[in-house]
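The structure appears right after this line, and notes come after that.
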Amino acid sequence: MPRLKYTVAQQIASMKSHGVSFALCDEDAAAEFLTSRTYFFKLKAFENNFERVGDRYTGLDFAYLKDLSTIDFHLRTLLSYCCLNIEHALKVRFNRLIMDDPAEDGYDVVHRFDPDGEFRFHGDYRHSRYHHSVYTEGLLRKYFDDPAVWNLWETVDFSTLCRLYQSYIDSRGMKDNSTNLFRSVRILRNAASHGNCLIIGIRKDIRPTRYVKNCLSELDRLTGSNTTPLYSSLRRYPLVHDFASVLCAFLILVDSPGIRSDAAKQLEEFSRRLCARYDYAGMKEAPMLAAVVGSLGVLCDVVSGYLITHADDYAGNRILHTSPVHRKSEDRGQAGSGRSRLYALGDTGATCRVR
């Protein structure tokens, strides 16, 4: 059955009937917020963070929904910043590999990836992968009868870029630890770009990417922090796992000191904003929200602390700033001195030694 359209007054009445209180934010202010700042369907998503008794929420005030919607906006803004810089940094890394590869002319990699020529453009948008845009039209018409890789990555989406990069490093017998994190980066990048609500009380048993734990262990070693309590959240809450993956991918890929410094400031600001108005991390009536907010705050604090304290020496770190390696070289490294430490690579069970 179709759901009825509610006026703002009916929306407030519906929330009240389900136990939402208006003690911290009165009904007039709530009506104004629902009229000019957001909309009912989007705001209701944040109710899932709170427990119910029957069909009524416990301990839920409209002010929490209002504040969580603002925090969620700041989270999407932070993720957009990190993911856009991850995407650019991946192109820079890819370009560096291509430039250093005497056997690659920039076209062979595209021909291997796209043997049927699906990404070629012959002037007809109706039978093309591409949509008309003034920002790409000149590029497509000039280069895309047979695009080189540096042409192609200017037009494809992040998912295709990741597959293109994976295709190249596989063809060269290489491994890049950052590729283990691409799926989570893609999911959160798309969600943030499309304005999806993120802090919406999703719990799902997942298998964490092992390289995330390796990065967190290395962060603990370097900063004196203890992220071990986060491991249960990594297994239970997709947002915590994917957010951690984005931050690890950012550390691994992004070289720019200025961008890393800006990211540290944004992480600090977001961490402060999480519980600036209400102590979500201590809410007994919302244990899922408490776990997620607490975990996000710890991740922000640990990563921002690392970015600040290791602003000048990060490039030498073999876990948090790993580079692509040839699989044969990796195998030789594993056969070397027993004094080196083992770190797992992704979900494959393969390992590399870090001295």
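The values are calculated or read from the model by the stated rules, or taken from the named source; none is laboratory data. Model, not experiment: these values are computed from the prediction. Glycine gets a Cβ as well: all are built from the backbone with ideal geometry, and neighbour counts include every protein chain shown.
Tyr135: aromatic (Phe, Trp, Tyr), out of contact with any His (no Cβ under 7 Å at 6 or more places or on another chain) and not in a helix (DSSP H, G or I), yes or no? Yes. Note on the range 107-120: residues that are surrounded by fewer than 18 Cβ atoms within 10 Å (Cβ to Cβ) and part of a helix (DSSP H, G or I) amount to 3.
Tell me, please, whether a residue that is hydroxyl-bearing (Ser, Thr, Tyr), modelled with pLDDT of 95 or more and closer than 28 Å to Asn48 by Cβ can be found in the range 258-265.
Applying the first criterion (hydroxyl-bearing (Ser, Thr, Tyr)) to the range 258-265 yields 261.
Next cut, modelled with pLDDT of 95 or more only: 261.
Right, trim to closer than 28 Å to Asn48 by Cβ and you get none.
Checked the range 258-265: no residue is hydroxyl-bearing (Ser, Thr, Tyr), modelled with pLDDT of 95 or more and closer than 28 Å to Asn48 by Cβ.
The set of residues in the range 176-216 that are in contact with a His (Cβ under 9 Å, 6 or more places away or on another chain), surrounded by 22 or more Cβ atoms within 10 Å (Cβ to Cβ) and at pLDDT below 95 contains only Thr209.
Of everything in the range 241-261 that's free of Cβ contacts under 8 Å to residues at least 60 places away in the same chain and more than 23 Å from Asp205 (Cβ to Cβ), which residue is nearest to the chain's Cα centre (by Cα)? Among those that are free of Cβ contacts under 8 Å to residues at least 60 places away in the same chain and more than 23 Å from Asp205 (Cβ to Cβ), it is Arg260.
What number of residues within the range 130-144 satisfy the criterion of being of a type outside the set (S, T, N, Q) and either loosely packed, with under 14 Cβ neighbours inside 10 Å or assigned by TED's automatic domain parsing to the domain that holds Phe250 (or both)?
Filtering the range 130-144 down to residues of a type outside the set (S, T, N, Q) leaves 130-132, 134-135, 137-144.
Subset that is either loosely packed, with under 14 Cβ neighbours inside 10 Å or assigned by TED's automatic domain parsing to the domain that holds Phe250 (or both): 131-132, 134-135, 137-138, 141-142.
Residues flagged as of a type outside the set (S, T, N, Q) and either loosely packed, with under 14 Cβ neighbours inside 10 Å or assigned by TED's automatic domain parsing to the domain that holds Phe250 (or both) within the range 130-144 amount to 8.
Output the helices (runs of 4 or more DSSP H) that fall wholly within the range 1-47 and possess 1 or more residues being hydrophobic (A, V, I, L, M, F, W, C) and closer than 20 Å to Asp72 by Cα, or say none. Break it down stepwise before answering.
Values: elements: 8-17, 27-36, 40-44.
Counting at least 1 such residues, we get 27-36, 40-44.
The selection criterion, being in a helix (DSSP H, G or I), among the hydroxyl-bearing types (Ser, Thr, Tyr) and more than 24 Å from His321 (Cβ to Cβ), does not hold for Thr179. The set of residues from the range 68-106 being more than 22 Å from the chain's Cα centre (by Cα), at negative phi and either in a helix (DSSP H, G or I) or surrounded by 14 or more Cβ atoms within 10 Å (Cβ to Cβ) (or both) comprises Asn95, Arg96, Leu97, Ile98, Met99, Asp101, Glu104. In the set (1) assigned by TED's automatic domain parsing to the domain that holds Leu251; (2) in contact with a Pro (Cβ under 9 Å, 6 or more places away or on another chain), the condition left unmet by Thr155 is number (1).
Sort out which residues of the range 295-314 are part of a helix (DSSP H, G or I) and either free of Cβ contacts under 8 Å to residues at least 60 places away in the same chain or touching a Ser or Thr at 6+ places or on another chain (Cβ under 7 Å) (or both), and write them in order of number. Those that are part of a helix (DSSP H, G or I) and either free of Cβ contacts under 8 Å to residues at least 60 places away in the same chain or touching a Ser or Thr at 6+ places or on another chain (Cβ under 7 Å) (or both): Ser295, Gly297, Val298, Cys300, Asp301, Val302, Ser304, Gly305, Tyr306, Leu307, Ile308, Thr309.
Do we have Val20 as more than 26 Å from the chain's Cα centre (by Cα), of a type in the set (A, V, I, L, M) and surrounded by fewer than 17 Cβ atoms within 10 Å (Cβ to Cβ) here? Here the answer is no, as Val20 does not meet what is asked. Restricted to the range 219-278, and to residues there that are among the aromatic types (Phe, Trp, Tyr) and buried (at least 18 other Cβ atoms within 10 Å of the Cβ), the residue that is nearest to Asp301 (Cα to Cα) is Phe270. Out of the range 140-166, which residues are over 29 Å from the mean Cα position of the chain (by Cα) and assigned to a helix (DSSP H, G or I)? Within the range 140-166, Leu140, Arg141, Lys142, Tyr143 meet the criteria. Asp61 meets all of the listed conditions (1) out of contact with any strand residue (DSSP E or B) (no Cβ under 6 Å at 6 or more places or on another chain); (2) over 30 Å from Leu247 (Cα atoms); (3) in contact (Cβ under 8 Å) with a residue 40 or more places away in the chain but one, namely (1). If Leu299 satisfies all but one of (1) crowded, with 22+ Cβ neighbours inside 10 Å; (2) touching a Pro at 6+ places or on another chain (Cβ under 7 Å), what's the number of the condition it fails? Result: Leu299 passes all but (2). When Ala281, Ala244, Ala276 are screened for being part of a loop (DSSP other than H, G, I, E, B) and of a type in the set (A, V, I, L, M), only Ala276 passes.
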